[in-house]
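Trainee: Below you'll find the structure I mean.
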Amino acid sequence: MTPVPEVDARGLLCPLPVLRLRKALMALPQGGMLRLIATDSMALVDVPHYCEVAGHAMVALRDLGDGAHEFTVARGPSAPSAAGGLTPEDI
């Protein structure tokens with residue numbers, strides 16, 4: 001079984017966790033999954049919203065109990081235009 005890649009965004013503030021998530025997702029094939037760990041409380045709003053508007057699926061959310069949350073996200077069929085026109089090189 002292939003391990004799920006992890007993006008550690010602990011200590012980063014909005015919008016950096018979502019930007020790191022986007023960059024990592026764009027490196028995956030459609031349907032690929034990854035985990036984002038973030039301590040910014042705004043990630044609880046930003047990550048689900050980003051997934052919805054960019055066409056990705058938030059599969060799970062877990063409170064790690066130390067102020068961090070783990071988001072498991074599956075890459076959807078998004079195109080750069082669906083996520084604001086940025087490419088991974090822009091981040």
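Trainee: If a residue must be part of a helix (DSSP H, G or I) and closer than 19 Å to Gln30 by Cβ, how many such residues does the range 48-60 contain? Break it down stepwise before answering.
Mentor: From the range 48-60, those part of a helix (DSSP H, G or I) are 48-54; that's our starting set.
Going one step further and asking which of them are closer than 19 Å to Gln30 by Cβ, we end up with 50-54.
Within the range 48-60, residues that are part of a helix (DSSP H, G or I) and closer than 19 Å to Gln30 by Cβ number 5.
Trainee: Still on this structure, please answer the following. Just to be sure before I move on: is Thr72 without any contact (Cβ under 8 Å) to a residue 40 or more places away in the chain, polar (S, T, N, Q) and either outside any helix (DSSP H, G or I) or open to solvent by less than 80 Å² (accessible area, probe 1.4 Å) (or both) in the structure I sent?
Mentor: Details: without any contact (Cβ under 8 Å) to a residue 40 or more places away in the chain: no; polar (S, T, N, Q): yes; either outside any helix (DSSP H, G or I) or open to solvent by less than 80 Å² (accessible area, probe 1.4 Å) (or both): yes.
For Thr72, the condition - without any contact (Cβ under 8 Å) to a residue 40 or more places away in the chain, polar (S, T, N, Q) and either outside any helix (DSSP H, G or I) or open to solvent by less than 80 Å² (accessible area, probe 1.4 Å) (or both) - is not met.
Trainee: Filter the range 37-69 down to residues that are hydroxyl-bearing (Ser, Thr, Tyr) and farther than 17 Å from Arg10 by Cα, then give me how many there are. Let's see the steps before the verdict.
Mentor: Going through the range 37-69, the residues hydroxyl-bearing (Ser, Thr, Tyr) turn out to be 39, 41, 50.
Now narrow it down to the ones that are farther than 17 Å from Arg10 by Cα: 50.
Total satisfying the criteria: 1.
Trainee: Being in contact with an Asp or Glu (Cβ under 8 Å, 6 or more places away or on another chain) and of a type outside the set (Lys, Arg) narrows it down to one residue among Leu36, Leu21; which is it? Quick ask: steps written out before the conclusion?
Mentor: Working: Leu21 fails: in contact with an Asp or Glu (Cβ under 8 Å, 6 or more places away or on another chain).
From the options Leu36, Leu21, the qualifying one is Leu36.
The values are calculated or read from the model by the stated rules, or taken from the named source; none is laboratory data. Worth saying up front: this structure is predicted, and the values here are computed from it rather than measured. Glycine also receives a Cβ, built like all others from the backbone with ideal geometry; neighbour counts cover every protein chain displayed. Side chains included, ligands, DNA and RNA excluded: accessible areas come from the protein's heavy atoms. Shrake-Rupley method; radii C 1.70, N 1.55, O 1.52, S 1.80 Å.
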